[in-house]
1. Could you grab the pairs with beta carbons closer than 7 Å, sequence gap of 6+ or different chains, first residue in the range 42-63 and under 24 Å from Val126 (Cβ atoms), second one assigned to a helix (DSSP H, G or I) and among the polar types (S, T, N, Q)?
2. When you scan the range 153-178, how many residues do you find that are open to solvent by 10 Å² or more (accessible area, probe 1.4 Å), in a helix (DSSP H, G or I) and within 26 Å of Cys230 (Cα to Cα)?
3. Scanning for something open to solvent by 50 Å² or more (accessible area, probe 1.4 Å), part of a loop (DSSP other than H, G, I, E, B) and either under 29 Å from Ile207 (Cα atoms) or at pLDDT 50 or above (or both), does the range 55-75 turn up at least one residue?
4. Could you list all residues from the range 409-442 that are open to solvent by 50 Å² or more (accessible area, probe 1.4 Å), modelled with pLDDT under 85 and not in a strand (DSSP E or B)?
5. Please specify each residue of the range 478-488 satisfying the condition of being crowded, with 16+ Cβ neighbours inside 10 Å, modelled with pLDDT under 90 and polar (S, T, N, Q).
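The values are calculated or read from the model by the stated rules, or taken from the named source; none is laboratory data. Remember, it's a predicted structure, so these values are computed and weren't measured experimentally. Ideal geometry is used to build each Cβ from the backbone, glycine not excepted, and the neighbour counts take in all protein chains shown. Ligands, DNA and RNA are excluded from the accessible area calculation, which covers all protein heavy atoms including side chains. Shrake-Rupley method; radii C 1.70, N 1.55, O 1.52, S 1.80 Å.
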Amino acid sequence: MTKIKSILWLMVAAVAGGLAMVSCTSSNDNPIPPVIPPRDNTPVDYTVMYYSAGGENLDLDTEYDLLYAAQALQASDKQIRFIVQYKYSTQEGLNKQYTGGIVPCGVAGGLYRFELLPSQIQQNGVLGYFTNNMLYGNQQEKSKIYRSDSISSFINYCQRVAPAKNYILMFSDHGSGYVIWDDYPKTRSIVSDKFNEEDGDIPAISICDIRDGIRNSNMKHVKMINFDACNMNNIEVLTELMNETDYIMASSFITTGGHYGDLLNNLRGANDDATFEKTMSNYLNSTTQNIYNKKKEGTANPPCSPEEKKRCDWVLTNMTKFKAVPAAVKAFTTKLVGEDASNFGATGLDDAATKCYHPSVASCSYDIGQYATLLANANNNLSAEAKALRAAIENAQVCHYYTDKVIEDFSSMDYKKLTCTVNLGAKHPDNPTVACLRSYSQNNEGKVPCVGSDGNVYYFKGAGLWENGSAKDFDKDAKWDNSYYTTAFDKATEWSKWMMKNTCFPTGNPPFLGK
């Protein structure tokens with residue numbers, strides 16, 4: 001079971017078929033409202049609340065995930081329950097995935113809500129069909145699963161039907177971290193939904209929707225948020241969720257998915273924070289080693305290209321300790337903004353922008369620890385603040401595991417660790433009141449589209465040259481005033497002040513891709 005998860009689903013190859021193990025067997029459909037009655041009034045140790053969509057190419061992989069989870073569950077389990085809300089991709093997306101006689105467990109656009117049970121595994125070892133009584137709501141394919149009230153509804157439902165001592169909220173689909181280019185006011189980030197596409201915009205769940213979904217639920221707070229998606233160990237994401245969860249499990253860059261059965265088995269007996277941190281660390285370590293580093297070419301569903309597939313990482317962050325990070329970033333930012341450009345030497349600022357770790361060309365954020373280190377290497381005045389910033393992040397991270405390729409990438413650097421990513425931009429050379437964020441990889445003309453803080457779009461052509469973009473590519477009416485400036489991260493750190501002063505745009509990045 002492997003998968004690549006990036007918000008840019010159009011760039012990802014559809015999953016190949018031929019895996020009979022996950023083919024679904026028939027079951028009687030009973031068109032009654034979905035109801036999961038509590039088994040008794042005694043809370044279990046953990047209820048996993050799984051919230052996901054197919055993303056046009058992940059449905060088959062999701063069925064594998066659920067099969068492995070069902071194998072780990074036990075009848076009348078007193079320790080773990082697993083509640084699912086899942087929306088299938090379009091029929092076109094399903095047709096690309098299910099070949100060779102394999103059929104989906106659900107229907108295109110079907111929104112399912114049910115408890116995953118070991119009884120769903122049929123005698124031949126495959127997952128049973130999702131029945132009509134598991135369908136939720138009357139909107140189905142037009143259901144707006146990306147809204148915060150949809151998340152709140154699901155959380156409240158899980159709390160009512162599957163009471164637990166601890167709750168884990170799990171999102172599985174494509175992810176992008178906190179980006180500004182897709183939907184400015186909401187900075188979309190995860191779980192895209194093509195059924196509600198308008199004018200080429202595919203809506204997804206924003207990090208604010210996740211925050212509000214938890215905050216406005218009856219639960220208010222969860223034990224852990226598990227982002228089984230790319231790019232979500234992003235400092236803007238983490239800062240937004242400081243008060244909604246104790247832990248966040250995520251990847252800074254690419255993830256090809258963990259083994260849900262291993263996740264559940266590691267949860268068993270984790271009744272205190274120390275044991276929880278230890279068992280989750282064990283899970284992330286084994287996931288990184290077994291799935292990423294040892295993946296063989298030619299096996300089923302290789303996660304991504306030969307070069308990119310091993311540039312993966314997994315991190316578990318203690319969010320109570322993370323609360324010290326924004327203060328450390330602000331101290332660094334304040335010092336950085338106050339420094340004259342001449343203090344960085346002839347190439348120091350440019351080197352920092354073009355050499356900070358960024359192994360995926362589809363991502364628009366960069367490792368903040370590496371960036372701070374490169375800036376401090378060029379200007380010793382920043383050494384103390386850069387060291388304090390890295391220390392705060394390292395203290396918050398319970399564990400951070402990398403694949404062999406990542407370790408090879410930064411083996412020659414002074415700072416041989418990854419931290420978390422941050423959006424990095426630069427001021428427009430001809431419009432000094434405007435800052436721009438790189439929004440995507442270069443287009444067919446070799447230009448990099450950029451989002452301006454003034455709501456306009458610019459293309460960076462290299463050598464310090466910019467030109468205005470086209471209104472058809474982005475929403476020119478939207479401004480940073482309604483997006484980046486309103487983030488909890490920017491309010492706490494004033495990072496955008498550096499974007500307004502920074503003169504070096506991160507072209508030529510990632511430096512390691514194709515190495």
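1. Filtered contacts from the range 42-63: Ser52/Thr62; Gly54/Thr62; Asn57/Gln97; Asp59/Gln97; Leu60/Gln97.
2. 1
3. yes
4. Matches in the range 409-442: Ser411, Ser412, Asp414, Pro429, Asp430, Tyr440, Gln442.
5. Once the filter is applied, which keeps residues that are crowded, with 16+ Cβ neighbours inside 10 Å, modelled with pLDDT under 90 and polar (S, T, N, Q), the range 478-488 yields only Ser483.
Results for (1) in a helix (DSSP H, G or I); (2) surrounded by fewer than 16 Cβ atoms within 10 Å (Cβ to Cβ), shown as yes or no for each residue.
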residue	(1), (2)
Tyr366	no, no
Gly369	yes, no
Ala391	yes, yes
Val398	no, no
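Here's the yes/no breakdown for (1) in a loop (DSSP other than H, G, I, E, B); (2) open to solvent by 10 Å² or more (accessible area, probe 1.4 Å); (3) in contact with a Ser or Thr (Cβ under 8 Å, 6 or more places away or on another chain); (4) of a type in the set (A, V, I, L, M):
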position: Cys208; (1), (2), (3), (4): no, yes, yes, no
position: Lys220; (1), (2), (3), (4): yes, yes, no, no
position: Lys223; (1), (2), (3), (4): no, yes, yes, no
position: Met232; (1), (2), (3), (4): yes, no, yes, yes
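Matching residues to (1) in a helix (DSSP H, G or I); (2) closer than 18 Å to Lys427 by Cβ; (3) of a type in the set (A, V, I, L, M); (4) modelled with pLDDT under 65:
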{"site": "Glu467", "(1), (2), (3), (4)": "no, yes, no, no"}
{"site": "Ser470", "(1), (2), (3), (4)": "no, no, no, yes"}
{"site": "Lys476", "(1), (2), (3), (4)": "no, no, no, yes"}
{"site": "Asp490", "(1), (2), (3), (4)": "yes, yes, no, no"}
{"site": "Ser496", "(1), (2), (3), (4)": "yes, yes, no, no"}
{"site": "Phe505", "(1), (2), (3), (4)": "no, yes, no, no"}
